[in-house]
Amino acid sequence: GFGDACDNCPNTPSESLTFAQNVFAPIPEPELLSTCGTVTTSLLRTIPVNYPGTTFGVRLSVNLQHQTYSDVDIKLAHAGTVVTLNPVSSTSQIRNTSDLNGIYRFDDAAGVPLESSANECFIFECGVVPPGTYHGSGLLGAFAGTPASGDWTLIVSDGCRINTGTLNSWSLELIVANPDQFDYDYDGVGDVCDNC
């Protein structure tokens, strides 16, 4: 809100970093059949990031297979923030029996929510929710402003017994602002812009 020397500096630089992890593990089911619609146990996988800077943007990809879309709960946790990208459906809702099979990428900029695509698939009996890039139920923008460094944890759960699934792999793309703590505007010269 104040005119100063920083107003004449270039935009804060950012760098895109991608981390990936193979998993090939079953998504654990609830212990009791009667707990359908409630998450009782989860598959957690963590990617530790050791990189200076502040999180500016996040994209998440999960490569998974499951026989019932509405049973799958997907969350991402970091720095005390947890974002639910696909919530498990409660027993009071009609269960969407479309399959998940492929790579599903969550990006706040995507135009179509995964839930909408899954519902359309269920109505038109397409069988498998098309893999692709989708908007999650929660916003990954909730991580903006957090330090990039630290543990990023994917939490995948199955909310109902019988139908099963597997998490094959996942990847995390971070857009990190100010990756160079000594020369923020990348001009090779220490100046007033480095302190903005």
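The values are calculated or read from the model by the stated rules, or taken from the named source; none is laboratory data. Bear in mind that the values here come from a model prediction, so they are computed numbers and not experimental data. In this analysis, Cβ positions are derived from the backbone assuming ideal geometry, glycine residues included, and neighbour counts consider all displayed protein chains. These area figures cover heavy atoms from the full protein model, side chains too; ligands, DNA and RNA do not enter into them. Shrake-Rupley method; radii C 1.70, N 1.55, O 1.52, S 1.80 Å.
Calculate how large, on average over all directions, the projected area of the Cα convex hull of the stretch 25-181 is; give the answer in nm² to one decimal. Its average projected convex-hull area is 8.9 nm².
Beta bridges assigned by DSSP with both partners in the stretch 37-140 are antiparallel in approximately 65 percent of cases. Taking a point 7 Å out from the Cα of ASN168 in the direction of its Cβ, the residues of the stretch 39-74 whose backbone N falls within less than 13 Å of it are 62-66. Our estimate of slack between GLN65 and LEU139, defined as 0.36 nm per intervening residue step minus the Cα-Cα distance, is 24.3 nm. When peptides 39-51, 153-165 are ranked by their average number of other Cβ atoms within 10 Å per residue, the highest-first order is 153-165, 39-51. Computed with every protein chain present, the accessible area of GLU15 is close to 70 Å² [probe 1.4 Å]. A crude spin-label estimate for the pair VAL112 and LEU17, with each label 7 Å from Cα along the Cβ direction, gives 3.3 nm.
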